Amino acid sequence: MDPLILSLWLIRFAFLALLYLFLFSVVRILLRDLRVAAREPSTQLGRLVVVASPSEEPPVGSVFALDAVTTIGRDVNNSVVVEDQFVSSEHCVLTFRGRAWYVEDLGSTNGTFVNSSPVDGTAPLGFGDELQVGNARMRLERAHR
Amino acid sequence: MTNAAAPARPALPPIVFGGIRPRARWREMWLLLIVALTLYVGSISLGATEAAAAGKSLTLSPAEDQPLAIYLGALLLAHLAQVVAGRRTDQVLLPATAMLGGISLLLMERLPQSLVSQSFGGLDLGLGQVQLLWLLLAIGLITILSIVVRSDSWLRLYKYTWAAAGIGLLVLTFIRGEDVNGARLILVIGPFSGQPIELLKVIMVVFLAGYLSEFRPLLVEQDTRVGPLRLPPLPYLAPMLVMIALALGIVVIQRDLGAALLFFVVFLMLLYVATARAAYVVLGLLLFVAGSYLMYRLFGVVQDRVDIWWDPFKDPSGNGYQIIQALHAFARGGILGTGLGAGLPLVGGQPPIPAVHTDFPFAALGEELGLVGVLAILGLYLVVIERGLRIAAAAADDFRALLAAGLALVVGVQAFIIAAGNLKLIPLTGITLPVISYGGSSILANAVVVGLLLALSDKGVEPPPPPRAGRRFARLRDAVGGRA
């Protein structure tokens, strides 16, 4: 075979092979990322991040991992205890039903607010929304993945 | 219940000048090295083929090494800028985009340079050089966006403003635009001209992400009941439907069918991503079938496109010419391709496909790189989509998740629509192959997408701002001194 044509062929295939080497390297990185993500427990449904808390309990910046039912109030038996004079002992409850989060006001004295509009009974809650009980404000975030 | 009181990330100022900590990015460096090597070998292959075709002896030097060297140098600078900035952003997106851009550069250098000629200050530039210029601008744009953007509130808070700007741009194009192949596509303002559709696709994703993230809880759970039927909550869907219908209507009147298809598909995908309700998708597809049938009956353009797609050989030298040439190109390419520089024999000094650099680069690549190469290119688009969806899955709130998913999907869907059009899988619609096609608007718009995705992928990014209404009321309440 003509050496000219042979070398042309070789260079062509080298280009295609390098394209696939690139794809292979990328896919290896993607797989490693996926495996790391899969190893971390993803049983969390969401997180509650404290944005403002004048009473310092809980402190600003603390993060609560959420179960399907999370009660919020001043009483120590609540999942999230907010030590604030404007918070009722059993203030509200966060529930995850099927596809979305809901907050239900448990007849608190000063009310529960989502993005600063008062909750009348039950209200849906999206990730990134802000929940206010008393003077404490908390943001619902997706769990780390 | 675990009351893990981990300290939250400190809030970063929007732009950081002092206190920058460089961070090595080994994965990106390694991938960029492979990109450089691949493109260099590709350039040698192109040069050797062209030399052999000209009857010269074999030389193992690149066709034109200057443009490639400039391109790779710009990539190196972009990488170093990322390292110095020290953000923990994605390390795969830039190399994947760079590979697509590099393939575009090789292709544009290889096509007849006379397809495009522009002169800047007495300097006459051909197709390859103009494309190189756009690619360099795109790399700059990606780097700036991925380093500077630390907060997404400027996108999140002004979704209606963005939507209004987008509609305004459409109307402006409709009134003042210029026609290309029977479609009103190009807007000329002073010395600048561009395809607003490309920018519009980004604006549309921003609006949809903002709207859907705000109303997601309502869209997921509530229904409008009409007798026994459970329909989606129409009051919450209506504003978005109006916006989409308006955009689609104008786009269809402009005869830009590719953009209309792209917008509709991305809209349905984002609706599904936000609500996980298959009913929406089914409803949307039914609407799509009905709408397509209506358009087929009403518009001559749609009828022409479908007829060409159904049987291009009915009019092989007229309407069906381009698509037949594209099919021949794929056939000539076969599995391994003819090799870079060996395809597309010129007919009278022109390539057989007139719009090869804008609408048919996929056919040209199919000829020169074959099935194997084309699959690799589709794989690169899949990588971009995968990264976007991973960034979405890792996002802390709905807006960022929907934005990342939407940005990745808009690029991916566009690539697959035009690739399918080139392959005569669906009627051909004139949109660009992202990053590979020639054209400033297209390349820069996709650079905005990649830059935003990189910025969103930062794990230490500023937490989302509180919803706007909330902040205003909260300030009022704090001023009053709390509610007792």
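Highest mean first, what order results for B:93-105, A:77-89, B:36-48 on Cβ atoms within 10 Å?
In descending order of packing, they fall as B:93-105, B:36-48, A:77-89.
In whole angstrom, how long is each semi-axis of the equivalent ellipsoid of the range A:35-145, when you take the square root of 5 times every eigenvalue of its Cα gyration tensor and sort them from largest down?
Values for the range A:35-145, descending: 23, 15, 12 Å.
Using Cα pairs closer than 8 Å and at least 6 residues apart in sequence, work out the relative contact order for chain A, in percent.
Answer for chain A is 20 percent.
Using each residue's phi in the range B:277-286, evaluate 6.51 cos²θ - 1.76 cosθ + 1.60 at θ = phi - 60° and report the 3J(HN,Hα) Karplus result to the nearest Hz, with x for Gly and Pro.
Result, rounded to whole Hz: 10, 5, 4, 4, 5, 4, 4, x, 5, 4.
Would you work out the charge dipole size for the range B:352-426 about its Cα centre, treating the Cβ of every Lys and Arg as +1 and the Cβ of every Asp and Glu as -1, and quote it to the nearest 20 debye?
Its charge dipole is roughly 100 debye.
Which shape class applies to the range B:278-348: rounded if a/c is under 1.5, otherwise prolate when a/b exceeds b/c and oblate if not, where a ≥ b ≥ c are the square roots of the Cα gyration tensor eigenvalues?
oblate
Checking the a/c ratio against 1.5 first, then a/b against b/c, what shape does the Cα gyration tensor give for the range A:33-73?
Judged from the Cα gyration tensor, the range A:33-73 comes out oblate (a/c at least 1.5, b/c at or above a/b).
Any idea which of B:404, B:361, B:428 is furthest toward the positive side of the dipole for the range B:295-450, if Lys and Arg beta-carbons carry +1 and Asp and Glu beta-carbons -1?
Positive-most Cα among the choices belongs to B:404.
Using a 10 Å cut-off around each Cβ of peptide B:329-342, what is the average number of partner chain Cβ atoms that fall inside?
Per residue, the average neighbour count from other chains is 2.
Within the P(r) computed for the range A:1-70, what percentage of the Cα pairs occupies the region above 17 Å?
Tail of the P(r) past 17 Å holds 71 percent of the pairs.
Averaged over its residues, how many other protein chain Cβ atoms are within 10 Å of peptide A:125-137's Cβ atoms?
Other-chain Cβ atoms within 10 Å of each residue's Cβ, averaged: 6.
Out of the range A:34-104, which trypsin sites (Lys or Arg not before Pro) are coil in DSSP terms and have no more than 14 other C-beta atoms within 10 Å?
Those that pass, being in a loop and sparsely packed, are A:99.
Give a residue-ordered list of calculated ³J(HN,Hα) values for the range B:102-110 (Karplus: 6.51 cos²θ - 1.76 cosθ + 1.60, θ = phi - 60°; whole Hz; x for Gly, Pro).
Each residue of the range B:102-110 in turn: x, 4, 4, 4, 4, 5, 5, 5, 7 Hz.
Using square roots of five times the C-alpha gyration tensor eigenvalues, list the equivalent-ellipsoid semi-axes of the range B:309-451 in whole Å, biggest first.
Square roots of five times the eigenvalues give 32, 15, 13 Å.
Can you pull the one-decimal nm distance between simple spin-label points at residue B:125 and residue B:306, each 7 Å off the Cα toward Cβ?
4.2 nm
Which three numbers, in whole Å and largest first, are the semi-axes of the equivalent ellipsoid of the range B:263-309 derived from its Cα gyration tensor as √(5λ)?
The equivalent ellipsoid of the range B:263-309 has semi-axes of 27, 10, 7 Å.
Provide a whole-number value for the mean count of partner chain Cβ atoms within 10 Å of the Cβ atoms in peptide A:99-109.
Neighbouring Cβ atoms belonging to other protein chains average 2 per residue here.
Residue-wise, which Karplus ³J(HN,Hα) couplings in Hz belong to the range A:8-17, taking 6.51 cos²θ - 1.76 cosθ + 1.60, θ = phi - 60°, and x for glycine or proline?
4, 4, 4, 5, 4, 6, 4, 4, 4, 5
Probe of 1.4 angstrom, ligands and nucleic acids ignored: what's the accessible area per residue over the range A:10-145, in square angstrom?
44 Å²
The values are calculated or read from the model by the stated rules, or taken from the named source; none is laboratory data. Remember, it's a predicted structure, so these values are computed and weren't measured experimentally. Positions of Cβ are generated from backbone atoms using ideal geometry, with glycine treated the same way; all protein chains shown enter the neighbour counts. SASA here: full protein model, heavy atoms, side chains in, ligands and nucleic acids out. Shrake-Rupley method; radii C 1.70, N 1.55, O 1.52, S 1.80 Å.
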